[in-house]
Each structure stands twice: as structure tokens, then as C-alpha cells.
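In what follows, a structure is listed as C-alpha cells, so that the remarks can point back to it.
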Amino acid sequence: MRGVDGIRQDDVPDVSHVFLRDLEKGKETVQFGRVLKVLDELGIRMVLEVTKSQAQAVEAAIHHYLPKVRSVHTRTIKKDSE
């Protein structure tokens, strides 16, 4: 995706070239907060669908661990047991 948009590694702030390489190669143990920073820089929006009972906890966790995320919109899904 980065190559398609013509974005170079040094165009993504606060992320090392090693991290970007690992992310692009699909390394399973990358830090989620840093992944979100890269997605934001690329203009990619991620949608999480959570059950209604988990929505408030997920939103609180995002605000706590990722305070620089511009906006959070929680969309809930109905689970069979709810």
C-alpha cells in the first residue's frame, strides 16, 4: 500500500524503517498502536465491530492506549446471546 501511494519510510513519523519492514512482511508480533499510526498516516480507516456489551470497554481502551487517535466511532453488532 505504501508503495502504491508513493510514501517513503521516512514519510511515516515516529516509526522506524525496521518496524515498517516487519509490518509489510506480515510479522505477527508488531505493536498494534504503531500499526494504527501507520494506517492513519496512509489514510486507512479501521472498523472494529464489537458486541454491545464490549463497546464501552473497547472505546475506553482505545482512548487510554491510543490518545492521539483522531476519532473513535463504535459500531456494535448483535450477538446471538444478547
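Of the helices (runs of 4 or more DSSP H) lying entirely inside the stretch 1-67, the ones with 2 or more residues being under 29 Å from K78 (Cβ atoms) are found at 32-41, 52-65. For beta carbons closer than 9 Å, sequence separation of 6+ or different chains, a first residue in the stretch 12-24 that is within 12 Å of L36 (Cβ to Cβ) and touching a residue at least 24 places away in the same chain (Cβ under 8 Å) and a second that is crowded, with 16+ Cβ neighbours inside 10 Å and polar (S, T, N, Q), there are no qualifying pairs.
Yes/no per residue for (1) closer than 15 Å to L66 by Cα; (2) aromatic (F, W, Y); (3) at pLDDT 85 or above:
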{"site": "H17", "(1), (2), (3)": "no, no, yes"}
{"site": "E24", "(1), (2), (3)": "no, no, yes"}
{"site": "T29", "(1), (2), (3)": "no, no, yes"}
{"site": "R34", "(1), (2), (3)": "yes, no, no"}
{"site": "V38", "(1), (2), (3)": "yes, no, no"}
{"site": "L42", "(1), (2), (3)": "no, no, no"}
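The values are calculated or read from the model by the stated rules, or taken from the named source; none is laboratory data. Just so you know, these numbers come straight off a predicted model, no measurement behind them. Cβ atoms come from the backbone with ideal geometry, glycine included; neighbour counts cover every protein chain shown.
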